[in-house]
Amino acid sequence: MSKRFLWVLPILGSLVMSPNLIAQPEKSADTSPFITSRLKKALIYAGGRNPDRVAYAYAKKMGKDNGFEVDEGLEVDFTEENLKQYQLVLFLSNYDINFNATQQADYQKWSSLGNGTVCIHACGQKHIHLAWPWYGAAMGAFTNGHTPIKPGTVHVDAEAASHPIFKGLTAPKSMTWTDEWNTMNLNPRGQPGVTMLLTVDPKAWNKSTGEYPHAWVKEVEGSRMFRWAGMHTQAAFEIPFMNEFLLSGFRYVAGYDTLRTGCMDPASSKHNPYATSQPPGACETPSSIKPVNGFLDNKVRLAGRRLSINLEGTYSLRITDAQGKSIHQAVPMGNSTYLVPQNVTSGLVYLQILVDNKLYVKKLALL
């Protein structure tokens with residue numbers, strides 16, 4: 001973080017009391033592919049240096065307007081028992097994450113149970129990644145520099161169009177606002193579980209070529225991470241799409257109880273995994289879709305409790321225990337990994353993958 005941030009923060013903080021000056025997220029219908037979002041309660045980490053009170057106010061209003069609670073907590077609150085009540089943790093521009101080894105382990109266990117993490121702006125610093133290797137690997141890349149505060153153009157990435165975060169949103173091809181534009185130590189695109197969402201035009205660095213990641217999601221060990229490098233200024237919140245984008249991202253990484261998989265689109269005979277025109281009770285896999293065995297034999301590997309899936313494109317995924325109880329549901333893109341929770345003690349799990357109107361099933365033995 002630059003010293004300049006410390007100069008502008010008090011000014012931005014005064015704007016929180018002026019809702020006419022900062023565009024705040026409005027309550028909106030959930031048009032995502034989730035029938036029921038799991039997001040009921042989120043926890044903001046309020047420790048470390050330079051916690052962003054403006055971001056806290058924004059997140060709390062987002063929760064109030066969209067049906068989920070938002071608490072603040074320090075290191076002492078990041079225990080296995082206390083984290084059970086939350087589906088989402090927000091790191092909002094914290095320059096440090098001061099977790100001891102026990103707190104890190106508790107957080108990693110909580111995360112592996114299908115919960116989500118959001119990291120915005122400074123929480124992606126190199127020293128945090130070095131001090132907590134799991135967090136660094138989960139984020140995919142760390143910040144290693146930034147421009148002065150200046151105008152820049154943000155592009156919606158081509159591979160993001162089919163991602164669940166964008167379902168129901170009208171995404172522009174590009175947007176321009178004034179911010180501090182971060183550079184990363186590497187491009188996370190292509191890492192297992194990563195979907196690039198937004199990039200910054202290289203002209204912000206006075207260059208004509210190059211890719212500069214700005215927002216992405218990463219699925220890792222049963223959890224989901226949402227990384228946005230912006231928000232050094234509040235200018236992005238004046239763009240309605242960015243408010244919708246952040247809300248959908250929060251809901252996505254927090255998880256969901258039911259996906260819109262298996263609904264039939266009444267306008268065609270094709271299977272539509274994102275159909276919204278039928279009630280939830282009708283959103284089961286149609287009986288006309290017959291299970292296909294064998295297809296997943298060379299595409300799925302279970303090592304201990306780590307499940308690795310090697311597929312291209314977007315597909316709907318469901319994992320159940322031996323009794324048929326759903327353990328995990330997702331709509332990944334490309335290769336993905338998942339860590340089967342320790343509380344699943346049965347010897348077998350069943351993997352169901354729906355892709356191109358075909359349901360593939362594989363039985364896996366837990367060792």
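Distance from a point 7 Å along Cα→Cβ of THR102 to each backbone N in the range 59-81: keep the residues under 17 Å and list them by number.
It comes to 74-81, nothing else.
Under a plain spin-label model, where a point goes 7 Å from the Cα along Cα-to-Cβ, how far apart in nm are LYS173 and LYS41?
4.6
For LEU74 and GLU159 in the same chain, what is the full-extension length gain: residue separation times 0.36 nm, less their Cα-Cα distance, in nm?
On the way: separation 85, 0.36 × 85 = 30.60 nm, distance 3.64 nm.
Fully extending the segment from LEU74 to GLU159 adds 27.0 nm.
So what's the range 214-256 giving for Cα Rg divided by 2.2 N^0.38 Å, two decimals? Don't skip to the end; give the middle numbers.
Working: Rg = 11.5 Å, N = 43, 2.2 N^0.38 = 9.2 Å.
Relative to the 2.2 N^0.38 Å estimate, the range 214-256 comes out at 1.25.
Quick one: Debye curve from the C-alpha atoms of the range 152-205, no solvent, what's log10 I(q)/I(0) at q = 0.15, 0.18, 0.24, 0.30 Å⁻¹?
After summing over all Cα pairs, the log10 values are -0.48, -0.69, -1.07, -1.24.
Throughout, read-outs are computed from the coordinates displayed, never taken from laboratory work. Everything numeric in this text was worked out from a predicted model, so none of it was measured. Cβ atoms come from the backbone with ideal geometry, glycine included; neighbour counts cover every protein chain shown.
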